[in-house]
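The structure appears below as structure tokens.
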Amino acid sequence: MYLLRLAIQSLANRRFSALLTVLAIALSVTLLLAVERVRTEARSSFASTVSGTDLIVGARSGSVQLLLYSVFRIGNATNNIRWDSFQQISSQPQVKWAIPLSLGDSHRGFRVLGTSQAYFEHYHFGRNRSLSFSQGQPFSDLYDAVLGADVAQELGYQLGTELVLAHGAGAVSFVKHADKPFHVVGILAKTGTPVDRTIHVSLQGIEALHVDWQQGMPARGAGRISAEQARELDLTPHAITAFMLGLNRRIDTFALQRQINEFTGEPLLAILPGVALQELWGLLSVAEKALLLVSVFVVLTGLVGMLTAILSGLNERRREMAVLRSVGARPLHIFGLLLLEAVSLTIAGIALGLGLLYAGIAVARPWLEQQYGLFLPLGWPTGNELALLAGIVGASVLMGCIPAWRAYRQALLDGLSIRL
């Protein structure tokens, strides 16, 4: 214990350099833990982009491709699903709810999703959070549209704004549905998911847009059907892109998945969203590992700075070591003193780094949750974070042994003599 008090007093006599060393370690620890916490929460948020959904069904392709176009609105389906196939599967006794999804149109680069009221009732994200409206309400009329938060913000749209949808998913389209404009009736609250960049309309609205199309092009002249005329037609969908299923019992998931994959009506693929999300995350995890590696090297740089500071002060402290030897300190005590100084600097840096981390989270958490849907908890360090901190302390012990060994050797050679 007396060695620890002596180490602290020695650091207090060199407080300026000690504080700089502690600050360097603290900043590197803050960066490392911030990257680890953001990485962990981003993985959790990514994995819960869609939650509460047991199966996603689409045309037979790859699981990642189906996930990308149905959840992330990236890419296109290889084929559509017949409406009668959707009805047949959604009416199975294991199914609690079903959300149809129809893609293919866009508006100024934002994807348009045709769906039903079940989307607003049963679609969940994050930690089982449901969709909510910042303004307005779900669509009820044939030409109503509900905007994601990013769409409304970037385009400056408000309730009542008229918008014309375009055929295809490109940012620029030469084929627009100008004869059937939609009106904004609702704006969803921010979710931090692809929902924010999606325009939602009814399935019947999607059918109305294409009711007079022939061979992928709009009819001309007398073949055109106006917006009001479309209201009088049967707008039951002929096909959809994909659909989501929620089951009464999770235990039925694999049995129904196998049944859908063996569906004889048409080739279909049913995937478990969580499994597909983990597969996709595995493809994207290289960047997070690289960022974590950079943070580790930043911490090592801070520890090397501490080592440099201690080593550079050893020659100036030869008299101090000699005086300690004269009052009975043995070389092993000198070794322990220098090692305790290194560990004390590291522990102080870790404590300050944790303080900076929690202060930063407290300030930035509302903004991160609003802008990116990323929730950073203010809880105790996780197991992974404690392992990283233990590794930092262990590295400081190893680095502290270098100046401690030099001081130990000098104490044996110098005795009370001073070399200039």
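Readers should treat all values here as calculations from the given coordinates under stated rules, not as data from a laboratory. The structure displayed is predicted, hence computed values, not measured ones. When we count neighbours, we look across all protein chains shown, and the Cβ atoms used for this are built from the backbone with ideal geometry, even at glycine.
Under the criterion of Cα pairs below 8 Å and six or more residues apart, the relative contact order for the range 55-271 equals 32 percent.
Once the Cβ-Cβ distance of VAL304 and GLN278 is raised to the sixth power relative to R0 = 35 Å, the FRET efficiency obtained is 0.40.
When only alpha carbons are used to place a centre, the range 127-142 and the range 230-296 end up 22 Å from one another.
Take the Cβ atoms of ALA390 and GLN153, set R0 to 51 Å, and the FRET efficiency comes out at 0.75.
Annotation: extensible slack from LEU23 through ASN79 equals 14.4 nm (criterion: 0.36 nm per residue apart, minus Cα-Cα distance).
Using the average count of surrounding beta-carbon atoms within 10 Å as a protection proxy, the listed peptides 119-129, 50-60 rank, highest first, as 50-60, 119-129. Each other residue within a Cβ distance under 15 Å of PHE182 adds +1 if Lys or Arg and -1 if Asp or Glu, for a net charge of -2. Under a point spin-label approximation (7 Å from Cα along Cα-to-Cβ), what is the SER130-GLN87 distance to one decimal in nm? Here the answer is 2.8 nm between the modelled labels.
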